[in-house]
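Here is the structure we will look at, set down as structure tokens.
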Amino acid sequence: MTGAARPGATGTAAGASCTSDGCDGVLEADGFCDTCGHAASPPVVSRTAPALPLPRAAPEATGRHATPTAAAGANNGTPTAPPTARPTAPPTAARHGALTVMPTGSQHGVPTGAPSEPSSTTAGGRWSGPLSTGPTGSSRLRRAGATDEIPPVPRVNPSSALLRDRQVPERDRYCRHGGKPHAVGRRREGRPGLVRGYCPQDGTPYSFAPPLSEGALVAGQYEVRGALAHGGLGWIYLAVDRNVDDRWVVLKGVLDANDPAALAAARAERQFLAQLNHPNIVAIHNFVRHVDADGVAADYIVMAYIGGSTLSQVRDARAGDGALPVAHALALAYMIKVLPALGYLHAEGHVYSDFKPDNVMQCERHLTLIDMGAVARIDDADAVVYGTVGYHAPEVVRAELSPASDLYTVGRTLAVLALGIEAAQDGVATELPGDHPLLLRHESLHRLLLRATHPDPRYRFGSADEMAEQLDGVRREVLAVDEQRPRPGQSVVFSAPRGTFAASLLIGRTGPERPVAARVADLLPIPLDAADADPDDWSHGWSAAVAALATGDLDTARAAFDALYSTFPGELAPKLALAAAAECAADDEGAQHYYALVATVDPSWADAAFGLARTRLRAGQRAAAVAALHAVPTSSSAYIAAQRAAVEATLLRHDTGAADDDELRAAAALLERLDLDPLTTQRMRVAVLEAAVDRVDASTGPGAPVLGCAWEGRALRLELEGSLRRLAKLTPDRAEKITLVDRANSAHPRTLR
């Protein structure tokens, strides 16, 4: 096959073992695993160029209709919705102020109003505006966990998948001759609609009966066993291949052989599919023509049989309320798994056009695109455009196709599967429910859906791989929040934090202090492979936000970081930046929210733990603050600092009251385990013993020892006196030595004579 090579799939011998964790598959000739679909080598990441050559607009003279016809899915599509007006402003997912999506390759800085109209489109032409940039191509899936957590779906016995009622529902019967589809074969005056007849508008004959019956031998080779489905472009049959070991195959024909549009789509499908080769796209075995007893010829595509269930069937079987259990991120994992197939099509110059749950089959843990009837070349201005109401992008009604319009359908499919909503009602796409409990709980998922389904293609994800990266980040966050278990991952967009900007701010004269904005700006993560020479690269927006933070322009910084969060909803860096900027601006509610998101996903980002502890202490939540510090892993360079801070937070009295006996003993035990310098150790021993002396007189009975000292007033005072004298010897400052000796004398227990 010819065409653009897939990133990461070259230079590997066929038959080699897959290098993905837990996979026992082998690499095929194209360099992709036959089991998990992963490539053999790391992906190629581009920061400054679109993934594909941008399509050109079609000239007015083509005469192409801008209104698409019916969908090409396994369930019959319906005519697409009327044109949707362009947005007057980017959408929002308000929580702490209005949110803006930053185009990641088309404009410099942060947009403040309505995006400008694409300048190179015409009626009936392909959209040719700029696409956002980021990780590009159809590279291997980087997060094996996304697919490992997909519950398997058993392979379905082919015979059990046959339709019992072989009729096209009346609501799906349309005549597509002459342009805009119009209804035929509908019930009138209580009588069922005719399966065969003539269009009342132009007399075109129609038939919605399956032309092939059980036992028919197609092209002298394929024996029909029955109908599997009735799609927008024709009946789909199960058959056995008499020439190849009676293997099961699927035949797909044209719904109405007299419909020029349907015939054109079938020919286009044949042309495209003959060249496609991807593990997540159904394999095409043959193209044949069959002449029936009446001498009527029909073309059929012979495809591999994929036993299993469509994602619609999986959803209905697993969830009574129609939604997949997003607590396990199934809906996100499904989209991550199938996006490489769309990326492959885009790299080959195609768009899929009609992605939806009915067009994805799951067998075991493998997902396959099963219906390619709506596939079109990006640069083919004369192709028939198909889509399904509730899934297709708004520009599709203007015959404008691009990878961005495909990614819109992925976003809509994710919304349908994850939220349990209907794609459309009464022929109109269902709006994204901003008050849905799941979106209120998972802000990043909300922002991801808003970007994926933005009305303007320029504000969507720039490639399938970029979208998959962000989906995976959101998936890990959803799991971490729901399960309260870390789900760290390595970003291909941002570096890790370059240092800890506020590890020692818990103890201040009036409580926890706030970070210095300039220091935060110096140590935040930075974009990887920033395109300095490209003024439109999104990284300049990050630089502008950091610069605003460094100069103390907190309002500008927060707005810019907020836009970057909407642009990269799966990344931790914008959330950490938002949290720190909010804390600097004395917005502890906003700061705590974003610090918590970062700390929950990856507690090794220690500044999130320190920031979360500070905001919780200010809110009087000492136990929660200590818990945040304890979550910093031992592998972190800030682990010791976090443990020390946990002791200090326990002893802090500002707005939290004194620590109780159990908290005090836990802090003492922690201090004994820490390997600190002698001066710091003595300072902290003094603090613990002072708290113990204050507590012991109020105790109602004996207790466990503290720092090896019996829980008794005289013993604790003597130990405190000794610790203060030892601290005085270690302290280099003479004035402090005198103060410490005076405190030691005061701590000495008094006796009555």
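The values are calculated or read from the model by the stated rules, or taken from the named source; none is laboratory data. Keep in mind that this is a model prediction, so the values were computed, not measured. Cβ placement follows ideal geometry from the backbone for every residue including glycine, while neighbour counts extend to all protein chains displayed.
Among the residues of the stretch 368-377, is any in contact with a strand residue (DSSP E or B) (Cβ under 7 Å, 6 or more places away or on another chain) and of a type in the set (Lys, Arg)?
Checking the stretch 368-377: at least one residue is in contact with a strand residue (DSSP E or B) (Cβ under 7 Å, 6 or more places away or on another chain) and of a type in the set (Lys, Arg).
Taking Asp555 as the residue in question, decide whether it is among the acidic types (Asp, Glu), assigned by TED's automatic domain parsing to the domain that holds Arg614 and part of a helix (DSSP H, G or I).
It is true that Asp555 is among the acidic types (Asp, Glu), assigned by TED's automatic domain parsing to the domain that holds Arg614 and part of a helix (DSSP H, G or I).
Determine whether Ala298 is surrounded by fewer than 16 Cβ atoms within 10 Å (Cβ to Cβ) and not assigned by TED's automatic domain parsing to the domain that holds Asp358.
When the stated conditions are applied, Ala298 does not pass them.
Does Ala518 satisfy the condition of being over 31 Å from the mean Cα position of the chain (by Cα) and either part of a loop (DSSP other than H, G, I, E, B) or modelled with pLDDT of 85 or more (or both)?
Here the answer is yes, as Ala518 does meet what is asked.
Specify which of the listed residues (Val520, Val492, Val481) is touching a Pro at 6+ places or on another chain (Cβ under 7 Å), β-branched (Val, Ile, Thr) and either closer than 30 Å to Phe461 by Cβ or loosely packed, with under 15 Cβ neighbours inside 10 Å (or both). Steps first, please.
Working: Val520 fails: touching a Pro at 6+ places or on another chain (Cβ under 7 Å); Val481 fails: touching a Pro at 6+ places or on another chain (Cβ under 7 Å).
The unique qualifying residue is Val492.
Quick one: which of Glu672, Glu719 is at pLDDT 85 or above and touching a strand residue (DSSP E or B) at 6+ places or on another chain (Cβ under 9 Å)? Spell out how you get there, then give the answer.
On the way: Glu672 fails: touching a strand residue (DSSP E or B) at 6+ places or on another chain (Cβ under 9 Å).
Result of the check over Glu672, Glu719: Glu719.
Considering only the stretch 146-196, state which residues are of a type in the set (A, V, I, L, M) and either under 39 Å from the mean Cα position of the chain (by Cα) or not in a loop (DSSP other than H, G, I, E, B) (or both).
Start the filter on the stretch 146-196 by keeping residues that are of a type in the set (A, V, I, L, M), which leaves 146, 150, 153, 156, 161-163, 168, 183-184, 194-195.
Passing the criteria: Ala146, Ile150, Val153, Val156, Ala161, Leu162, Leu163, Val168, Ala183.
In the stretch 277-297, what count of residues is obtained for those that are under 29 Å from Leu342 (Cα atoms) and of a type in the set (Gly, Ala, Ser)?
Matching residues across the stretch 277-297 total 1.
Do we have any residue at all in the stretch 653-668 that's of a type in the set (A, V, I, L, M) and modelled with pLDDT of 90 or more?
Checking the stretch 653-668: not a single residue is of a type in the set (A, V, I, L, M) and modelled with pLDDT of 90 or more.
Is it true that Asp537 is of a type in the set (D, E, K, R) and either touching a residue at least 60 places away in the same chain (Cβ under 8 Å) or surrounded by 17 or more Cβ atoms within 10 Å (Cβ to Cβ) (or both)?
For Asp537, the condition - of a type in the set (D, E, K, R) and either touching a residue at least 60 places away in the same chain (Cβ under 8 Å) or surrounded by 17 or more Cβ atoms within 10 Å (Cβ to Cβ) (or both) - is met.
Counting only residues that are among the polar types (S, T, N, Q) and assigned to a helix (DSSP H, G or I), which one in the stretch 701-743 is farthest from Thr681 (Cα to Cα)?
The residue in question is Thr739.
Among the hydrophobic types (A, V, I, L, M, F, W, C), surrounded by fewer than 21 Cβ atoms within 10 Å (Cβ to Cβ) and either closer than 30 Å to Pro488 by Cβ or at pLDDT below 85 (or both), is that true of Val195?
no
So, Thr409, is that one modelled with pLDDT of 95 or more, among the β-branched types (Val, Ile, Thr) and closer than 20 Å to Ala229 by Cβ or not?
In short, yes.
Go through the stretch 572-591 and give me each residue that's assigned to a helix (DSSP H, G or I) and surrounded by 24 or more Cβ atoms within 10 Å (Cβ to Cβ).
If we filter the stretch 572-591 for residues that are assigned to a helix (DSSP H, G or I), which is where we start, we get 573-584, 588-591.
Selection gives Ala573, Pro574, Lys575, Leu576, Ala577, Leu578, Ala579, Ala580, Ala581, Ala582, Glu583, Ala591.
Which one of these is in a strand (DSSP E or B), at pLDDT 90 or above and either over 15 Å from Ile306 (Cα atoms) or acidic (Asp, Glu) (or both): Val288, Val224, Val244, Val249?
Criteria check complete, one pass: Val224.
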